[in-house]
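Student: One structure, pasted below without further comment.
The values are calculated or read from the model by the stated rules, or taken from the named source; none is laboratory data. Values in this document were obtained by computation on a predicted structure and should not be read as measured data. Cβ sites come from the backbone with ideal geometry, for glycine too, and all protein chains shown count toward neighbours.
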Amino acid sequence: MKNGRFVPTEVRYASPYTGLPRARSSDWNGAWEDLYLEWDATTETYAIFSGATGLYLAVEKDWTGSDTGLLRARSTSVGGWERFELWIDEATGHFALRSVVNGRFVAMENGWTGSRQYALRARSTDWLGSWEEFDIRSAA
């Protein structure tokens, strides 16, 4: 990942940004950084479950402006807004996520400032580089 940090779910953010995943933790400290990939064989896609909130990450497709495509842990069930394709770069072992609902790759917003700095957003049309690359780590 561009900044080498873990992605916690922001459970204490005020609405509407409650559940915003941001790449800001230097350590994997617990449930805030726990994100689980759940495979669905029927759709051949993944859902991402937040250990911090007990909810699934969804792409905010209908939000406007710079908030369009922000990811948030807010869903109790999985539909199209919560589905992602996993793309793997065999050479580096990094992976990218592409949202099913808008067909965009998830990027870490490294250039933003404030409470949305390092937020995850489905906004890239191509998997171009480190802003769209992630590592998977296992606790086991």
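Student: Could you list, in sequence order, all residues of the range 110-132 that are within 11 Å of the chain's Cα centre (by Cα) and closer than 22 Å to Ala31 by Cα?
Tutor: Passing the criteria: Tyr118, Ala119, Leu120, Arg121.
One line per residue, one yes/no per condition, for (1) over 21 Å from Leu55 (Cα atoms); (2) in a loop (DSSP other than H, G, I, E, B); (3) of a type in the set (Val, Ile, Thr):
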| position | (1), (2), (3) |
| --- | --- |
| Ala73 | no, no, no |
| Trp81 | no, no, no |
| Trp87 | yes, no, no |
| Val106 | no, no, yes |
| Trp112 | yes, yes, no |
| Ala122 | no, no, no |
| Gly129 | yes, yes, no |
| Ile136 | no, yes, yes |
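Student: Does Asn102 count as surrounded by fewer than 21 Cβ atoms within 10 Å (Cβ to Cβ), over 12 Å from the mean Cα position of the chain (by Cα), modelled with pLDDT of 95 or more and not hydrophobic (A, V, I, L, M, F, W, C)?
Tutor: When the stated conditions are applied, Asn102 passes them.
Student: Additional query: Those residues that are of a type in the set (S, T, N, Q) and over 13 Å from the mean Cα position of the chain (by Cα), I need them from the range 20-71; list them, please.
Tutor: Once the filter is applied, which keeps residues that are of a type in the set (S, T, N, Q) and over 13 Å from the mean Cα position of the chain (by Cα), the range 20-71 yields Ser25, Ser26, Asn29, Thr42, Thr43, Thr45, Thr53, Thr64, Ser66, Thr68.
Student: Follow-up. Being surrounded by 13 or more Cβ atoms within 10 Å (Cβ to Cβ) and either touching a strand residue (DSSP E or B) at 6+ places or on another chain (Cβ under 9 Å) or more than 18 Å from Glu85 (Cβ to Cβ) (or both) is the requirement here; does Ala47 meet it?
Tutor: In short, yes.
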